[in-house]
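What follows is one structure encoded as C-alpha cells, with my remarks underneath.
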Amino acid sequence: MMLKEGDTAPDFQLEGTDGKMHTLKEFRGKYLVLYFYPKDDTPGCTTEAKGFTASLDEIRKRGAEVVGVSKDDLQSHGKFCSKYGLKLLLLSDPTSAMIKSYDAHGDLGIFGMGTLRKTYIIDKDGKIAKIYPKVKPDGHEKEVLEFLSA
C-alpha cells in the first residue's frame, strides 16, 4: 500500500552519523523533513545535501529538523559529511527496510533497483503532511522552506 498525505508515518530505528540510534518518536513536537537519496558523494545527492545544509538554520527556525536516509554505511556517511561540511543527520539503512516502508525503493532506470530521491515532511504528531515523490536536487530545499512557511 502506498503512503499518502495524512497517513501515520512508519516508525523506524536506525543509527545516525552522530553515533546514536534514532526513531520517529524523538521528532514528535516538531516537523521532520525526511529525505531519501540514492548514494553518498554523487552529484545529485551532494547538491541536495549541500542545499539542505545551507538552509538548515532557516528550516529549524520554522520548527523542523532535516534527516537524510540512504543505504550507505555510517563510514560512507561520515566521509560524505566531512568532505562537504554537511551539518545534517544522516541515517544508515543497509537493509533498505525503512526505505521500502516509505515507498522510496524502486527502479532507477539504467542503475537498476535502489533508493529513489523522495522527501516526506512529517508533522508534529507523526502524520505525513507532504510528499515530494520525484525530487529534483537543485533547489529542493526552497520547496521545503515554502511548505514550512505556509
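Sum -39500 (n - 2.57) across every DSSP H segment of at least 4 residues in the chain, then divide by the residue count to get the 222 nm mean residue ellipticity, nearest 500. Can you show the working numbers first?
Values: 5 runs with 44 residues, N = 150.
Computed mean residue ellipticity for the chain: -8000 deg cm²/dmol.
Leaving out same-chain residues fewer than 8 places away, which lysines sit with a Cα under 27 Å from that of K83?
K20, K39, K50, K61, K71, K118, K134, K136, K142
Restricting to Cα pairs below 8 Å that are 6+ residues apart, what does the relative contact order work out to for the chain? Please round to a whole percent. Each step should come with its number before you reach the end.
Values: 278 pairs, mean separation 49.0, N = 150.
Computed over the chain, the figure is 33 percent.
For the chain, taking Cα atoms only, what is the radius of gyration to one decimal and the Dmax to the nearest whole Å?
For the chain, the Cα radius of gyration and maximum Cα-Cα distance read 14.0, 40 Å.
By how many nm would the segment from A54 to M113 grow when fully extended, if each residue of separation counts as 0.36 nm and the alpha-carbon distance is taken off? Display every interim value, and only then the final one.
Values: separation 59, 0.36 × 59 = 21.24 nm, distance 3.01 nm.
Length difference between fully extended and current span is 18.2 nm.
Where a number appears in this text, it was derived from the coordinates with a stated rule and is not lab data. Small disclaimer: the values here were computed from a predicted structure and weren't measured.
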